Structures are given as structure tokens and as C-alpha cells.
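Here is the structure we will look at.
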Amino acid sequence: MSSSRKARILSPDPEGIAEAVRHLRAGQVVGMPTETVYGLAGNALDPSALSLIFSTKERPTFDPLIVHVAGLERKDRLAQLESLHLVDATSFSRKGRERVNLLMEKFWPGPLTLVLPKAPAVPDLATSGLPSVGIRMPSHPVAQALLEASGLPLAAPSANRFGRISPTSPEDVMEELGDRIDLILDGGHCEVGVESTVIQCQPDGELLLLRPGGTSAREIEQITGEALATVSKPESLVSPGMLESHYAPGKSLYLLPGPVPQLNIGKMQVFEPALGNLPPASTLAVLLMSGDAKAAEEKLAALTGLPIIAKSLSRSGDTGEAARNLFSFLRELDHSHAAVIFAEPCLEERGLGHAISDRLRRASFRQKR
Ligand code: TXA
Ligand code: MG
């Protein structure tokens, strides 16, 4: 990994795709846009490409990768994944098989990862030695073009250094990994902005929510007519990648005790120890879920006596817009001259709100210990 090497951002035209395909076929890794976040893609069936993914990201090998696929046109997509030697669902009941096919039919291509028993051809490195593999069919046209043209299943974790904020633009990937990879395909800013929802599919048809994300858990429940099971602690045993401290900006992030309009001096006193340790006149960054950034800046400046930079994820309170902006605004505040970041809690627990509060909780974890 030479630090002088600098990645190129490729336009996703046929030439760019062809160059990325040559790279992937040669066992190299490529920055790939998806509708959720950018991934660091490599041939899922090639252990040396997989090991390059882990080393490039500095990711511990106990954190399994998601395998991306395209071109599943058969009605029985589960059978097609079996014939591609990615999945072995022989232990599945009829109900289990039907349910998996139903989810794939309704939510693929899109931000849903299904964890299924793996076939022997999938290297253990991809799954961190687990007997299951996470599979997803992305909807981003550039990801689909790359998958189609390469003819390979592509393992792709988010294209950030381990434990850091996921990238949602080619420039973010450049910032995270530009010194370590050659190519980043330009797919613009990611539409969804948070990672896929991860569901473990059990042989009897039971579904377990491992990670809230771009597909709403409620919509899945509506389709199946059954409540999703959730992981009781410690979740890291079921889904090893779900470490508590994740998605963390470099600066400390504190969750505010409520929306800014409801804050008063008493509530801000919780932060006395943290604020007291800052150099005098430090600037505070504030990430708002909704509303007007200027009004919040004035109110918080009055409450804390400190300069404030606020950014609002969605003025109108649209959760989709908030999710789309979440990681890029966090990254921006992380780069600002502010000393620490405060974030409003996300009170909308449905749909993408669930994913937003999950990511904020993980980003703020270090301060809670
Ligand atoms: O939206 C996404 O899912 C993005 C884009 C690039 O597709 N990818 C992504 O990958 O978020 P990553 O590596 O950052 O997160 C993958 C997570 C793992 O950390 C783990 O929690 C879960 O998916 N996972 C993958 N395979 C699993 C398995 N066999 N069993 C349980 N959990 C698994
Ligand atoms: Mg990640």
C-alpha cells in the first residue's frame, strides 16, 4: 500500500466499466457506487481479493462481507443463487423458501441484504467463517453494470476505513481510501444514504432483523404478515460486524437530550463535564434532524455562550432526505473547526428513522462509556 498512489475517479461509461472489470478480474479492488453507500468491491470467490478488501479497509476479519449479485431473472431466485454456488438452502422448508423468494421479489434490487446458508464455493474469508452469507442485489445502475459486465459476484463492504463514516460520494471514497486503491467509479451521490437492512433468513421462514437500514422493517412485516424477530444482546455474536462503536466521526459526538426547540439550560447541564474540558470559546457543531439551522444556531449560542455551526438534515423533516444527508453532513461537521459534534436524537423510529437513530447511537457510543 504505497501512500503515493492516488485513485482515479472514473466516469461510468463503457470504457470506465471495462477498466474496472479488468481490475476486478485481476484480483484488484474497486470503489463501487450503490444506492446505499459506496462499496469497496472485489471478486467474492477469490480469497486473495477478499483479503485485499480487508487489508485496504483495515477491517478485522471477524466482520463478514456482503456479496452483491445482479441478473437474477429466474422466478425462483433462491434456486438461481443455489445454481450460482453462492447459497445452499437445502435445509429450508417450503415456507422458508417461499418467504426468501417473496422478499427478493418485493425488495430486490434494493437496500436489503439477506443472510442465507452459504454454499461451499463461497470462501470462508467472505463470511468470517460463518456458515451463512449476506447477499444483496443493488439497484444502482452503475453497480448493476459492473456486476453484469464482470460476471462476478462482488463482495463489497462500505468503502471507508474500518470504524469510520460510510462514504456517500466518490470524493468521500477518495478521502477514505484514495491512497490505497486505483479506481473509483463515479455514481454520484447515493440516493438512500444509509446501508442496507440486514435480515437473517431461518430455514423455517422466521426472519431476524440484524441491522436496520434502507428498507423499512415495517414494510417487510407488511409483506410477510409477521413481525420480525430482533436480536437480543449481545448482537455481536449473531452479526459480528455490528460493533457498538461504528460509523464514528473523528470528533466526539454527543446525542442531545431532545430536539433543539425543547432544550433549556437545565437540559444542557448534562454536557457540563464535556464542555468544561474544551478550550475557551470553542465552536460546537450541531446536527439537526429537521428545521432551520440559523434559528438553532442562535438558540444554542444563547444557551451555551459558544459559537455554533448547525446543519439541518432536512428542513422539512423528510426522513428520506435526512438519511441521504446523514453521513455527508457528519463528515462535513467532522472537517469543520468545531471542537465537538452534538446531534439531535432522531425521534422517528419507523422506516429510515430507525436506521438514522441506529447510526447516531453507534457514532455516539464512545462518549457513553
Ligand atoms: O448497503 C450496504 O449494505 C453496503 C453497500 C456497499 O452494499 N455494504 C455494507 O457492508 O454496509 P458492511 O461490510 O459495511 O456491512 C456488512 C454487515 C456486517 O458488518 C454484518 O453486520 C452483516 O452485514 N453481515 C454480513 N454477512 C453476515 C452474515 N453471514 N451473518 C450475519 N451478519 C452478516
Ligand atoms: Mg460499513
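The values are calculated or read from the model by the stated rules, or taken from the named source; none is laboratory data. As the structure is a prediction and not an experimental result, all values here were calculated from the model. All Cβ positions, glycine included, derive from the backbone under ideal geometry; neighbour counts span all protein chains shown.
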Of the listed residues (7, 70), the one being in contact (Cβ under 8 Å) with a residue 60 or more places away in the chain and away from ligand 1 (no atom under 15 Å from the Cβ) is 7
Those residues of region 340-369 that are closer than 20 Å to residue 270 by Cβ, crowded, with 19+ Cβ neighbours inside 10 Å and aliphatic (A, V, I, L, M) come to a total of 5
Residue 188 vs. criteria modelled with pLDDT of 95 or more and either surrounded by fewer than 24 Cβ atoms within 10 Å (Cβ to Cβ) or assigned to a strand (DSSP E or B) (or both): yes
Looking at region 71-88, is at least one residue at pLDDT below 95, of a type outside the set (S, T, N, Q), crowded, with 17+ Cβ neighbours inside 10 Å and assigned to a loop (DSSP other than H, G, I, E, B)? yes
Evaluation of residue 311 against (1) basic (Lys, Arg); (2) touching a Phe, Trp or Tyr at 6+ places or on another chain (Cβ under 9 Å); (3) over 21 Å from residue 35 (Cβ atoms); (4) in contact (Cβ under 8 Å) with a residue 60 or more places away in the chain (one fails), failing number: (4)
Restricting attention to region 10-20, does a residue exist that is more than 16 Å from ligand 2 (Cβ to nearest atom), surrounded by fewer than 18 Cβ atoms within 10 Å (Cβ to Cβ) and at pLDDT below 95? no
Say we look at region 148-175 and pick out the residues that are aliphatic (A, V, I, L, M) and crowded, with 24+ Cβ neighbours inside 10 Å; which of these is modelled with the lowest pLDDT? 165
Residue by residue through region 155-168, note down the ones that are closer than 20 Å to residue 251 by Cβ and in contact with a helix residue (DSSP H, G or I) (Cβ under 8 Å, 6 or more places away or on another chain). 160, 161, 162, 164, 165, 166, 167, 168
Name the single residue, out of those in region 191-222 being more than 16 Å from ligand 2 (Cβ to nearest atom) and assigned to a loop (DSSP other than H, G, I, E, B), that is farthest from residue 12 (Cα to Cα). 204
Does any residue in region 108-137 that is free of Cβ contacts under 8 Å to residues at least 24 places away in the same chain come within less than 8 Å, Cβ to Cβ, of a residue that is crowded, with 21+ Cβ neighbours inside 10 Å six or more places away or on a different chain, and which pairs are these? 131/118
Criterion: within 25 Å of residue 173 (Cβ to Cβ) and surrounded by fewer than 21 Cβ atoms within 10 Å (Cβ to Cβ) - qualifying residue of 64, 60: 60
Whichever residue in region 310-334 is under 25 Å from residue 170 (Cβ atoms) and over 20 Å from the mean Cα position of the chain (by Cα) and, among such residues, is surrounded by the fewest Cβ atoms within 10 Å (Cβ to Cβ): 311
Consider residue 146 against the criteria (1) in a loop (DSSP other than H, G, I, E, B); (2) away from ligand 2 (no atom under 16 Å from the Cβ): it satisfies all of them except one. Which criterion is unmet? (1)
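Yes/no per residue for (1) among the hydroxyl-bearing types (Ser, Thr, Tyr); (2) away from ligand 1 (no atom under 15 Å from the Cβ):
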site: 133; (1), (2): no, no
site: 143; (1), (2): no, no
site: 150; (1), (2): yes, yes
site: 153; (1), (2): no, no
site: 156; (1), (2): no, no
site: 164; (1), (2): no, no
site: 172; (1), (2): no, no
site: 179; (1), (2): no, yes
site: 182; (1), (2): no, yes
